[in-house]
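Have a look at the structure below, then the notes.
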Amino acid sequence: MRNLEIVAVILAGGKGTRLGVLTNHRTKPAVAFGGRYRIIDWVLSNCLRSQIDDVFCITQFEPISLMRHIGAGTDWGFNGLDRILMNLHPKEQQPDRRIREYPGTADAIRQNQHRILQFKPEYILILAGDHIYSEDYRKIVASHRERESDLTIYAQPVTAEEAQHFGIMRVNSEGRILEFVEKPQDPKLIEELRLPQELKDQWGVHDPDRNYLASMGIYLFNRKSLREQLDDPGKLDFGKDVIPSMLQGAETPSYRLFAHIYPGYWRDVGVLQTYYDTNLEVLDGKYEEIFTDHLRTNTRTRYIPAPLVKGSIHNTIISSSCIIEKGASVEHSLLGYQVVVGENTIIRDSLLLGADPHVQRRGVILRHITMRIGKNCNFCRVIVDKNVRVGNNVRIGETYFTKEERIRRLSEIGLKKDVDYTILDSGLIAFAKQATQIEKRLIPDGFEC
């Protein structure tokens, strides 16, 4: 029997420009993470362990890769009868019949509320599709009920620097939200929102730098409260419009809003540097927090061969169908499906996201697809997206060049910034996904930058 008390809505995001070229052809939650997974696998697995039977996934930019990955959701326990995962997309707008992006998170819910609310659930859980964490959402439901809340927001303490990128809350000793400021930039305002030390002690926050309470972008609404907010078409975004309006009335607002403190591991990986760092955290002591042994993370099942290692690997995750050739060395890196590392090649501190599934019909492989790194290469602090082919004797990241010099060298081989690659001031460089029909090497023999 289906649980109609609560539905979950996953906001799979618009064009994720902060992930650079990794989202040129896919939405953020579809980007690979941790070797064989996709970012969205964590929130879908959270819904599975929370026994949420109705989940809606709202996408608006390049959804095909994501839809192909999750399908009907059978790998996460959805069967289309007792447990349903439904994908929702922007509709054609009259009279020009154009598909327009949702202008905000609240508007995305508003335009799809006829489906989301069709069974009149008591609670609506709104989730982001680009976060890495493991949770049982029944905890927030229990907290929401106990405090008779209209809206409960998952929250974590953050540093002053991080506070500029989140909605920051001021709360009382009971966790009731008194003030909410979306992405404050004024240092004086940020300081005014500082957490009292007694609240940090109460919540067990021992880090002296985490003095500001940030919204994690995860909301639990009562149906009535959500409907009342959606009735105003001018409220486009939860952080900018809905939450501040619900708090109107100074210390005695008409709605009861509470923060639910999440004490565990959580990362928003919607920014390229954070995405890279979080992947490497899997290897640097955070493995058990990201891949918990008691809260499993499901992903799409793929029936392909095990990896073959002829060279050496150290502190590295490699996925199925990878081949590490003789003399090759892979250290402190993560490799997705079907990566071939050529002889005597060295890969360090890098993410190789793998390749798309082989093209086959009736069991016969029509196109054998791999990511192939040639012989005698040296890669350090590099992200390589799917299906990329690299020539022999290529060195990237290991020798120091200025950012400007690296851009000049890349342009000389015909690569365009923000189309073929993204380069950060930190020196991190990411190369874009290539079409499976293109056999040529993205990077030619002997290239160095």
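Please work out which residue is farthest from ARG83 (Cα to Cα), limiting yourself to the stretch 47-73 and to residues that are touching a Cys at 6+ places or on another chain (Cβ under 9 Å) and in a helix (DSSP H, G or I). Applying the filter and picking the extreme gives LEU66. Per this entry, SER225 is counted among residues that are of a type in the set (Gly, Ala, Ser), touching a residue at least 24 places away in the same chain (Cβ under 8 Å) and in a helix (DSSP H, G or I). For the stretch 174-190, a residue qualifies if it is assigned to a loop (DSSP other than H, G, I, E, B), of a type outside the set (Asp, Glu) and in contact with a Phe, Trp or Tyr (Cβ under 8 Å, 6 or more places away or on another chain), and the qualifying residues are GLY175, LYS183. For GLY80, are the conditions met, namely being more than 29 Å from LYS417 (Cβ to Cβ) and surrounded by fewer than 20 Cβ atoms within 10 Å (Cβ to Cβ)? Judged against the criteria, GLY80 is a match. All conditions but one from (1) touching a residue at least 24 places away in the same chain (Cβ under 8 Å); (2) under 30 Å from THR74 (Cβ atoms) apply to ALA306; the one that does not is (1).
Return the residues of the stretch 431-449 that are within 20 Å of ILE369 (Cβ to Cβ), surrounded by 15 or more Cβ atoms within 10 Å (Cβ to Cβ) and not aromatic (Phe, Trp, Tyr); say none if nothing qualifies.
In the first step, residues of the stretch 431-449 are kept if they are within 20 Å of ILE369 (Cβ to Cβ); the result is 431-443.
So of that shortlist, the ones also surrounded by 15 or more Cβ atoms within 10 Å (Cβ to Cβ) come out as 431-434, 436, 441-443.
If the condition is that a residue be within 20 Å of ILE369 (Cβ to Cβ), surrounded by 15 or more Cβ atoms within 10 Å (Cβ to Cβ) and not aromatic (Phe, Trp, Tyr), then ALA432, LYS433, GLN434, THR436, ARG441, LEU442, ILE443 are the ones that fit.
Among the residues here, GLN111 does not qualify as at pLDDT below 90 and assigned by TED's automatic domain parsing to the domain that holds ASP241. The set of residues in the stretch 197-222 being in a loop (DSSP other than H, G, I, E, B) and surrounded by fewer than 20 Cβ atoms within 10 Å (Cβ to Cβ) consists of GLY204, VAL205, HIS206, ASP207, PRO208, ASP209, ARG210. Looking across the stretch 393-430, the residues that are at pLDDT below 95, under 16 Å from CYS377 (Cα atoms) and either surrounded by 13 or more Cβ atoms within 10 Å (Cβ to Cβ) or of a type in the set (A, V, I, L, M, F, W, C) (or both) come down to GLY397, GLU398.
Residues are listed down the side, and each one gets a yes or a no for (1) of a type outside the set (A, V, I, L, M); (2) closer than 16 Å to ILE153 by Cα:
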position	(1), (2)
LYS235	yes, no
PHE238	yes, yes
LEU247	no, yes
ARG256	yes, yes
THR278	yes, no
VAL282	no, no
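Within this structure, GLY336 passes the test of being at pLDDT 95 or above, of a type outside the set (Phe, Trp, Tyr) and surrounded by 20 or more Cβ atoms within 10 Å (Cβ to Cβ). The criterion of being surrounded by fewer than 18 Cβ atoms within 10 Å (Cβ to Cβ) and in contact (Cβ under 8 Å) with a residue 24 or more places away in the chain does not hold for LYS235. Listed by first and then second residue, the pairs linking a residue in the stretch 181-206 that is closer than 26 Å to PHE238 by Cα to a residue that is assigned to a helix (DSSP H, G or I), with Cβ atoms under 7 Å apart and 6 or more places separating them unless they lie on different chains, are VAL181/LEU189; GLU182/GLY239; GLU182/LYS240; PRO184/ALA163; PRO184/ILE190; ILE190/ALA160; ILE190/ALA163.
The values are calculated or read from the model by the stated rules, or taken from the named source; none is laboratory data. Since this is a predicted model, take the numbers as computed values, not measurements. Counting neighbours? That spans all protein chains shown, and the Cβs are built from the backbone with ideal geometry, glycine included.
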